[in-house]
Structure formats: C-alpha cells, structure tokens
Amino acid sequence: MPALDDFVHPTVIVSRAFYGVTNLAPIKTAVEGIAEAMINPHGLFVGDNLITMGKRLGFLDDKILMDAFLRNAETVAERGALWRIVTLVWAARTALRVEGDFVECGCYKGNSARIVSEVVGFADMPRHYYLYDLFQHDESMPHHSMLEHSETLVDQVRARFSDMSNVTITQGRVPDSLAVAAPEKIAFMHLDLNNADAEIGALEVLFDRISPGGILILDDFGWMAYQDQMIAEVQWMLKRGYRILELPTGQGLVIK
C-alpha cells in the first residue's frame, strides 16, 4: 500500500488532502482495509474527501494534463484535488467547440486556471481568460481566509501569467469587479467564491453571456460546508429551466 501523499501511476493515488476531519489515521486504516479486500487493488483514488476503487483513472494516461498538473500542483491540497482539475480540463476542452472567452471567479493562486491554460494551449488562442479574486482577507470580508491570502498575492498571480497576454486579472469583490472587465461571450466559466451571494451575483451578470453549449463548473456546489450555495444555485437555475449535476468531486456541472 503506498504511503499517504504518494502518486503511483497508473493504478493508485492516495493523498492526505481531506477536510473536516481531526485525525487522518482512521482514514488511512480504512483505505488499507479497502485495498486488502479488493481482489485486484487497482483504480484506487483517495483524496479531496473522495474514495473510489476499481476505477480506470484514465486521466492518468493523459500526458499533457498530467505534466501540467505536476508542474503546477505543489501542495497536498492542490495534488489531492486532481479529480477536480480533471473535471475543469474536460470542461475547458469541451467548451472550445463554442464561441466565447474563459472566466474564473475565485482564482486564488491561479493554479487551476494555469493548468487549464497549459493543457489547452490558451496562450496561442484568440480568446481571453478573465480571472477574479479579492486575493486577500480581513474580517470584514464574507469569504473565509486561505493560507496564502495576502496583499502581495495579486502580484504573484499576475507574475504567474506574465507570459500570457490574453489573461486579465481583476482584483475586487465579485460581482462588483465584473464591471471593471468582463467578456461579452463566455465558453467556459468556473465559480469558486465560497460565498453564495457572490456566486449568485456572478451568475446574474454572466450566465446569460455563456454561449449555447458553453460549460459552467461550480466548485463548491456539492460540499456540505457550502450547502447554502447549493440551495441558492439550485433555485436560481430552476427558475431558468436548468438542473445542476452534482459530481462526486463536490463540483456542480451545467451545460448551457
């Protein structure tokens, strides 16, 4: 059985990225028990509050995706979120069939957007990537703090995308910051604001701009800690005739 936080290709991934737990030891014991009970302990994915077994994990054979992922995912949390990144890459690749730019509200360190950009070759495309975040935190702000929130994070993210002239990074509170810079047509949109009001505000401004066939990914949709977002977004979408698919990764998926 591989040690926690190891990546073993092509059959097993085990990560320490679990949330809402006080002790990883019982999880490790349980995973070891699962592996021992399997006739063939392949296709095991453990991390990001997700445990699956006997799955093909075919995305591990996607060299372009995995190279970009391993170049950019550095922390335990970032590596544990591999399946979320796989979902985003699928959505971005699929969205290339339709007109429009790319949007990420809540880009934090720019990790997911950077991986998506490298996989699809975004720097050479006649499209634009719009990234939004507050990049810092104080007690007056509605979102919770993240480890690397700081006054300098926005500059770090701008430096991270300095080789891509078709990326615009806007600092400010969504949806207010959408008035500073926003696309008229959207092919791919990723919402990860950890805040129901902000995400509904973003949908109010941007959803109608998503092209037919465009794809929306809601990062926090299926997580218990953010169930207020699920409630608000389900109601908002139902009024417009859409249903959100809850994914095992905790993400929500809507195809326009």
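The values are calculated or read from the model by the stated rules, or taken from the named source; none is laboratory data. The structure displayed is predicted, hence computed values, not measured ones. Virtual Cβ from ideal backbone geometry, glycine too; neighbours counted across all protein chains shown.
Name the residue, out of Leu206, Leu147, Leu253, Leu245, that is touching a residue at least 60 places away in the same chain (Cβ under 8 Å) and surrounded by fewer than 21 Cβ atoms within 10 Å (Cβ to Cβ).
Leu253
Okay, residues lined up against (1) outside the structural domain of Pro175 (by TED's automatic domain parsing); (2) not polar (S, T, N, Q):
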residue	(1), (2)
Lys28	yes, yes
Gly43	yes, yes
Asn49	yes, no
Val86	no, yes
Val103	no, yes
Cys107	no, yes
Gly110	no, yes
Ala123	no, yes
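Exactly one condition in (1) surrounded by fewer than 21 Cβ atoms within 10 Å (Cβ to Cβ); (2) more than 30 Å from Val21 (Cβ to Cβ) is not met by Ala196; state its number.
The single condition Ala196 does not satisfy is (2).
Mind checking which helices (runs of 4 or more DSSP H) fall wholly inside region 39-101 and carry at least 1 residues that are in contact with a helix residue (DSSP H, G or I) (Cβ under 9 Å, 6 or more places away or on another chain) and either of a type in the set (Phe, Trp, Tyr) or within 17 Å of Phe122 (Cα to Cα) (or both)?
Result: 63-72, 82-95.
Being of a type in the set (Val, Ile, Thr) and in contact with a His (Cβ under 9 Å, 6 or more places away or on another chain), is that true of even one residue in region 163-185?
yes
What number of residues within region 102-128 satisfy the criterion of being closer than 14 Å to Arg158 by Cα, assigned to a helix (DSSP H, G or I) and of a type in the set (A, V, I, L, M, F, W, C)?
Residues that pass the stated criteria total 1.
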